[in-house]
1. Determine if the stretch 48-64 includes at least one residue that is open to solvent by 20 Å² or more (accessible area, probe 1.4 Å) and either within 21 Å of A157 (Cβ to Cβ) or modelled with pLDDT under 90 (or both).
2. Is there any pair linking a residue in the stretch 90-108 that is outside any loop (DSSP other than H, G, I, E, B) to one that is of a type in the set (D, E, K, R), with Cβ under 8 Å and at least six apart or on different chains, and which?
3. Among the residues of the stretch 74-81, is any surrounded by 15 or more Cβ atoms within 10 Å (Cβ to Cβ), polar (S, T, N, Q) and in contact with a helix residue (DSSP H, G or I) (Cβ under 9 Å, 6 or more places away or on another chain)?
4. In the stretch 12-38, what count of residues is obtained for those that are open to solvent by less than 90 Å² (accessible area, probe 1.4 Å) and free of Cβ contacts under 8 Å to residues at least 60 places away in the same chain?
5. Of everything in the stretch 31-56, what is over 15 Å from the mean Cα position of the chain (by Cα) and in a helix (DSSP H, G or I)? Give them in sequence order.
6. Could you go through the stretch 87-94 and let me know if any residue there is surrounded by 15 or more Cβ atoms within 10 Å (Cβ to Cβ) and of a type in the set (D, E, K, R).
7. Here are some conditions: (1) within 15 Å of the chain's Cα centre (by Cα); (2) modelled with pLDDT of 85 or more. L7 meets all but one. Which one does it not meet?
8. Among the numbered conditions (1) surrounded by fewer than 14 Cβ atoms within 10 Å (Cβ to Cβ); (2) free of Cβ contacts under 8 Å to residues at least 24 places away in the same chain, tell me where I142 comes up short.
Amino acid sequence: MNNIKNLDLSATDILMFATHALVAGEINSLHEPGIVLTPPEIASNGNDGLLTSSEIMNLNLNAEWVILSACNTASGNQFGAEPLSGLARAFFFAGAKSLLVSNWPVESQSAVKITTRMFYYLSKEEGMSKSEALRKSIVALIQEEEREFANHPMFWAPFMLVGDGI
């Protein structure tokens, strides 16, 4: 985790986290949302295996797109908080132009399919918008014959694009 906080991310166009996100209060003594990263062998104040919203705000981003393929990334800082007030607000503050976030817990296999298909569609058709790539990847998930159950909204509806969807 020290690496992410010390990297120069100002020239990174796309930043993706495929992990678990925590809302404030989900674990003891966590008073702000965070992203779970690989825990270090020995935790320290600088490296505890979490990237919190206050640490995210200190990143210097110029990313066109930050993808948060994790549970509850659009949730607020605490129960009852306004949406997008936690991790999403921190990434916008750090300089992200658009975000893919989730409104509630996500099913892992569907999250993988949605995010990887988005990039497939973006690479396949020049000039396609992020929002159209997300829409197409969701439609493909809904139409899967081998995972017929994936047409239920719980598998695709948590994801939304916020910010510049172009």
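1. Step one: list which residues in the stretch 48-64 are open to solvent by 20 Å² or more (accessible area, probe 1.4 Å), which gives 48, 50, 54-55, 57-58, 60, 62, 64.
Cutting the leftovers down to either within 21 Å of A157 (Cβ to Cβ) or modelled with pLDDT under 90 (or both) gives us 48.
Yes, the stretch 48-64 contains a residue that is open to solvent by 20 Å² or more (accessible area, probe 1.4 Å) and either within 21 Å of A157 (Cβ to Cβ) or modelled with pLDDT under 90 (or both).
2. Within 8 Å, the pairs are S98/E64; S98/K130; S98/D164; L100/K130.
3. Within the stretch 74-81, one or more residues are surrounded by 15 or more Cβ atoms within 10 Å (Cβ to Cβ), polar (S, T, N, Q) and in contact with a helix residue (DSSP H, G or I) (Cβ under 9 Å, 6 or more places away or on another chain).
4. 16
5. Result: S54, E55.
6. yes
7. Evaluating L7 over (1) within 15 Å of the chain's Cα centre (by Cα); (2) modelled with pLDDT of 85 or more leaves (1) as the failure.
8. Every listed condition holds for I142 apart from (1).
The values are calculated or read from the model by the stated rules, or taken from the named source; none is laboratory data. Small disclaimer: the values here were computed from a predicted structure and weren't measured. A quick note on method: Cβ atoms are made from the backbone with ideal geometry, for glycine too, and the neighbour counts reach across all protein chains shown. Just the protein is used for accessible areas: all its heavy atoms, side chains included, with ligands, DNA and RNA removed. Shrake-Rupley method; radii C 1.70, N 1.55, O 1.52, S 1.80 Å.
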